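The values are calculated or read from the model by the stated rules, or taken from the named source; none is laboratory data. What you see is a predicted model; the values in this text were computed from it and never measured. Because the Cβ atoms are built from the backbone with ideal geometry, glycine has one as well, and the counts that use them run over all protein chains shown.
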Amino acid sequence: MKEYELGHVTQKKEFILYFIILVATIVAMSSLLEELNQIIASTVFIALVVGTLMFWRFRVGIAFIGIVILLVTKTIDLTHAVEFMSLDVILFLMGMMVIVGVLRRSGFFRLFLGIGLKYSNFNPYLLFPFILVLSAVMAAMVDEVTSILFITALVLDFCSYFKINPVRLTISVIFATNIGSSWSVLGNPIGILIALRSGLTFEDFMMTALPVGLIAFIILMPCIYFWMRKDILIFQKRLVNYTEKRRQKFLNDLLKIDNPKLVLGCTIIFFGTILLLMLHHRMEAALGLQHNTLLVGSSLFGAGIAMLWQRDIARDLIRKDVDWWTLVFFMFLFAKAGALKYVGLTDLVGQALIQFTGEGQLIFLLMFILWFSAITSAAADNVVVIATLIPVIQYVTTQMNSDLLWWALLFGGCYGGNLTMVGSTANIVALGMLEEKEHQHMTLTYWMKFGIIGFAIPMFVGTIALLILNP
């Protein structure tokens, strides 16, 4: 996968700018904080965030160096550094990546688009909504990155075959993916991170996040239709020139399955894992297990079954289908966020936040967390932002005794991704594929022409939902 980068990260001027930012951060933190360990922890964390934005390819190296600085300066000890790496989150994601790897090899994802084409009979007023619905549902079921990889690849092949511009459809798929990623625990790394740190269950996501996100998606759909009206008309005109035989050839290529038994087996494992995830809270209570034991266990159990069944490729599933680069980065990111909590900095921020919003008036806290997390997620990858804010929300939640703050964080982190090109990993992946295959270079100006709508509608729906849910 080629990463989408804006500019040349190796230019000397960017390293100079990075150094200046670090010096300014040290000066600022020294003036704001009194304890040395808090100054070091905050500086190292900001260095990671800024370094990730400026030097995307080198983010793991920056993360390694940062954790060593924290350990050597005794800002955090090794035991707590490992504890804060959130291995429960990493194990869950690793298990799901193995399951998705088996699905990918079976042709499971391609089959869905083929079914949509078959039953829509290539009618764009049925087909285009199906693609967007598929994008949102797949994001909720298998995570946004896996979904966007396959949906974007299929969209680019589809647009190339019928000679239509893929830019608007790709952007629309990104919007649907980001919204759909909020629907379940599986949809986004921030979802599982929030679930495991807040105590929210899979059922809680189905009862709260899914209805809110679904309403936002339904309201956004007519706006996407209007924005894509020219592409729809062009597709209808082009379709006239394609004989039934040529359409059927494209459809047959999508529906071609080399190993039907593999598809059936993968489907059973996948939906069996989903069922266990849905029931994890009730099963934990019935068996007297620690909270979230089966949330993580369901993922690993499904992955274990998949590897035993496909034992000839089990090693490849672990080596090639698990995104170790991303998982390692997450581990060190979580450790640095944990260091902020370890030195007491997140409690200070939480206290300041309660005072800033009127001595803890819940409604103002909800609005601030929602919009602040959305805007900051638009400026940086949402996992970085949410990992930073979670320790703060943990403190504030204990003071306010309300789970609504977690929903504000989830909505802001997921919906904020629609505002800019770098708002979520799904954006970066899809635009990188668009640039590589179609040589279409996205600009912020073009993105914002509709990005502001893709951001504003779900955000206002999320705002209204929190106002309704607030007691």
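The rows are residues; the columns are (1) surrounded by 13 or more Cβ atoms within 10 Å (Cβ to Cβ); (2) under 24 Å from A335 (Cβ atoms); (3) not polar (S, T, N, Q).
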position	(1), (2), (3)
I20	no, no, yes
I40	yes, yes, yes
A47	yes, yes, yes
I65	yes, yes, yes
T73	yes, yes, no
T79	no, yes, no
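Of all residues in the stretch 313-328, none satisfies being hydroxyl-bearing (S, T, Y), modelled with pLDDT of 90 or more and either in a helix (DSSP H, G or I) or within 23 Å of the chain's Cα centre (by Cα) (or both). Number of residues in the stretch 387-437 that are closer than 20 Å to T177 by Cβ, in a helix (DSSP H, G or I) and among the polar types (S, T, N, Q) equals 3.
Aromatic (F, W, Y), surrounded by 22 or more Cβ atoms within 10 Å (Cβ to Cβ) and either more than 25 Å from F356 (Cα to Cα) or assigned by TED's automatic domain parsing to the domain that holds F150 (or both), is that true of F411? Spelling it out, it is not the case that F411 is aromatic (F, W, Y), surrounded by 22 or more Cβ atoms within 10 Å (Cβ to Cβ) and either more than 25 Å from F356 (Cα to Cα) or assigned by TED's automatic domain parsing to the domain that holds F150 (or both). Pairs are defined by a Cβ separation below 9 Å, a sequence spacing of at least 6 or placement on different chains, a first member in the stretch 101-128 that is closer than 16 Å to I164 by Cβ, and a second member that is charged (D, E, K, R) and outside any loop (DSSP other than H, G, I, E, B); the pairs so defined are L117/R247; F122/R247; P124/D231; F128/D231.
Within the stretch 255-306, being out of contact with any His (no Cβ under 7 Å at 6 or more places or on another chain) and charged (D, E, K, R) holds for K256, D258, K261, R282. Which of the residues that make up the stretch 89-123 are at negative phi and not hydrophobic (A, V, I, L, M, F, W, C)? Hits for the stretch 89-123 are G95, G101, R104, R105, S106, R110, G114, G116, K118, Y119, S120, N123. The set of residues in the stretch 444-471 being among the hydrophobic types (A, V, I, L, M, F, W, C), within 17 Å of S424 (Cα to Cα) and touching a residue at least 60 places away in the same chain (Cβ under 8 Å) consists of W447, F450, I453, F455, M459.
The set of residues in the stretch 19-58 that are among the hydroxyl-bearing types (S, T, Y) and over 30 Å from the mean Cα position of the chain (by Cα) comprises S30, S31. For the stretch 327-380, a residue qualifies if it is of a type in the set (S, T, Y) and in contact (Cβ under 8 Å) with a residue 12 or more places away in the chain, and the qualifying residues are Y342, T346, S373, T376, S377.
Regarding the stretch 183-204, can at least one residue be identified that is in the same structural domain as D253 (by TED's automatic domain parsing), under 30 Å from K230 (Cα atoms) and β-branched (V, I, T)? No, there is no match, as no residue in the stretch 183-204 is in the same structural domain as D253 (by TED's automatic domain parsing), under 30 Å from K230 (Cα atoms) and β-branched (V, I, T). Report those helices (runs of 4 or more DSSP H) wholly inside the stretch 158-266 carrying at least 2 residues which are within 27 Å of the chain's Cα centre (by Cα) and buried (at least 16 other Cβ atoms within 10 Å of the Cβ). Answer list for the stretch 158-266: 167-180, 189-198, 210-227.
Residue count for the stretch 113-133 satisfying the condition of being buried (at least 19 other Cβ atoms within 10 Å of the Cβ), closer than 27 Å to V322 by Cα and of a type in the set (A, V, I, L, M, F, W, C): 3. Applying the criterion of being charged (D, E, K, R) and touching a helix residue (DSSP H, G or I) at 6+ places or on another chain (Cβ under 7 Å) to the residues of the stretch 332-374, the residue that is nearest to L48 (Cα to Cα) is K336.
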